Amino acid sequence: MKIGIVCYPTFGGSGVLATELGKALADKGHCVHFITYQQPVRLDSFHPNIFYHQVSVPTYPLFDFPPYEIALASTMVDVIVNQKLDLLHVHYAIPHASAAFMAQQIVKTKGLEVPFITTLHGTDITLVGKDKTYEPVVTFSMNSSNALTAVSQNLKEQTLENFEMTKEIQVINNFVDIKRFQYSDKEHFKKIIAPNGEKIIAHVSNFRTVKRVEDAIYAFSKIRTEVPVKMLMIGDGPERPKMEELCRELGTCNDISFLGKQEKMEELLSIADLFILPSEYESFGLAALEAMACRVPVISSNAGGIPEINIHGKTGYLANVGDVDSYAKYSLELLLNEEKLEEFKNNALDQANTFAIENIVPQYEELYKSVLQGVAQ
Ligand code: GMT
């Protein structure tokens, strides 16, 4: 199949997932055309079946807001026509689904029937999409998609609750590349971070308010009174300066390293004993799944789709949003008990295996086939 993939090219979970999906489809012999405003971060090596088309948005003095959606739809039209795409798969509804609808209507006038599939990822529904500024367009473009998927059961339910849906939503879970995200011995590296054998807790996010990074820092300051421990803060975003300030206030700076955006996540996760994800909402929590694949148990909130991935008392622990005391208590339960920690590490890996890329990508391929059949009829 010739597949056009549209996504945000940055470190956000939806872009990561879309890029990994494209790479996996290319490995299976499909021709994949990425259409984005910048090279996706995880599209880092040459593949004969992968092509990249940049959306450029010309500026003009009249435009306070250059119309990205129009530039995107026009690029989609160009790629559909010239590369003879069979279908488009857009990740994150805003503005990709409405741009895809526009492109679909335009190529129809040229005698081409090209279906588009929309995958909902989270904040496109739960934060931004349901805002009344965007809601009518989001509802229309979701319902106009030839197929609509959500990355968790919880996100499907949120969508049904918040929008007037006429289109069926299929749940296709996110996945992890187990061959890449696996534990490897990085003892030398661990020694640099934790020279006296301290335990290591990791947090990965885009440092937005929805991630409640401060809860991870407050929990850490409680944990460190009971056990020698270090913390790795990976990623970057608007809340980071405030979080660094908070560490200074709490006097924890010497034990917390802010590493910024990192490429070799699997190496960093390999030295962690625990992963902490205290988010206000998470449709899925791809970062937690990648940690679990590296044998790292997860201490998380019970928000959104997280309980579909992190199993309380087995792969980690769940607590209510903001319950810092419980995050600390549960972390200590594992960090002070080697046997239990080892058991949870094994459980985390087993659970991650159920979301292995090999199990999930065929579900997308099946969906593509059924959509194309529908169009052909
Ligand atoms: O919030 C992020 O981390 C970025 C955001 C995105 O769409 O780029 O992530 C959402 O999609 C990820 C991939 O499907 C999910 O793993 C995240 O849980 C989800 N984030 C939220 O729901 C807040």
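Scanning segment 256-301 for residues that are under 17 Å from the mean Cα position of the chain (by Cα) and polar (S, T, N, Q) gives Gln262, Ser279, Ser283, Ser300, Ser301.
The set of residues in segment 239-275 being assigned to a strand (DSSP E or B) and of a type outside the set (A, V, I, L, M) consists of Ser257, Phe258, Gly260, Phe275.
Annotation: Leu318 fulfils all but one of (1) open to solvent by 10 Å² or more (accessible area, probe 1.4 Å); (2) more than 9 Å from the ligand (Cβ to nearest atom); (3) in a helix (DSSP H, G or I); the unmet one is (3).
Against the definition (in contact (Cβ under 8 Å) with a residue 12 or more places away in the chain, crowded, with 23+ Cβ neighbours inside 10 Å and within 30 Å of Thr252 (Cβ to Cβ)), how does Val213 come out, yes or no?
On the way: in contact (Cβ under 8 Å) with a residue 12 or more places away in the chain: yes; crowded, with 23+ Cβ neighbours inside 10 Å: yes; within 30 Å of Thr252 (Cβ to Cβ): yes.
Here the answer is yes, as Val213 does meet what is asked.
Of all the listed residues (Thr59, Thr10), the sole one being among the hydroxyl-bearing types (Ser, Thr, Tyr), more than 18 Å from Phe116 (Cβ to Cβ) and within 16 Å of the ligand (Cβ to nearest atom) is Thr10.
Give me a count of the residues in segment 143-202 that are outside any loop (DSSP other than H, G, I, E, B) and of a type in the set (Asp, Glu). So that I can check it myself, show each step before the final result.
The initial filter retains those residues of segment 143-202 that are outside any loop (DSSP other than H, G, I, E, B), namely 143-144, 147-150, 153-162, 169-171, 176, 187-193, 199-202.
Add one more test, that the residue is of a type in the set (Asp, Glu), and what stays is 157, 161, 187.
Qualifying residue count, segment 143-202: 3.
What do you reckon, is Glu290 of a type in the set (Asp, Glu), within 9 Å of the ligand (Cβ to nearest atom), under 25 Å from Glu239 (Cα atoms) and open to solvent by 10 Å² or more (accessible area, probe 1.4 Å)? The answer is no for Glu290. Annotation note: Cβ proximity below 6 Å between a residue of segment 32-44 that is open to solvent by 10 Å² or more (accessible area, probe 1.4 Å) and a residue that is assigned to a loop (DSSP other than H, G, I, E, B) (sequence gap 6+ or interchain) occurs for Tyr37/Val55; Gln38/Pro9; Val41/Phe11. When segment 220-240 is filtered for residues that are under 25 Å from Leu286 (Cα atoms), open to solvent by 20 Å² or more (accessible area, probe 1.4 Å) and over 23 Å from the mean Cα position of the chain (by Cα), only Lys230 remains.
Within segment 330-367, being buried (at least 16 other Cβ atoms within 10 Å of the Cβ) and closer than 16 Å to Asn310 by Cβ holds for Tyr330, Ser331, Leu334, Leu341, Phe344, Lys345, Asn347, Ala348, Leu349, Gln351, Ala352, Phe355. For segment 342-369, the set of residues classified as over 16 Å from Ser300 (Cα atoms) and touching a strand residue (DSSP E or B) at 6+ places or on another chain (Cβ under 8 Å) consists of Phe355, Ala356, Ile357, Tyr364, Leu367, Tyr368, listed by residue number.
The values are calculated or read from the model by the stated rules, or taken from the named source; none is laboratory data. Just so it is clear, the structure is predicted and the values come from calculations on it, not from any experiment. So basically every Cβ, Gly included, is an ideal-geometry build from the backbone, and we count neighbours across all protein chains shown. All accessible areas refer to the heavy atoms of the entire protein, side chains included, with ligands and DNA or RNA removed. Shrake-Rupley method; radii C 1.70, N 1.55, O 1.52, S 1.80 Å.
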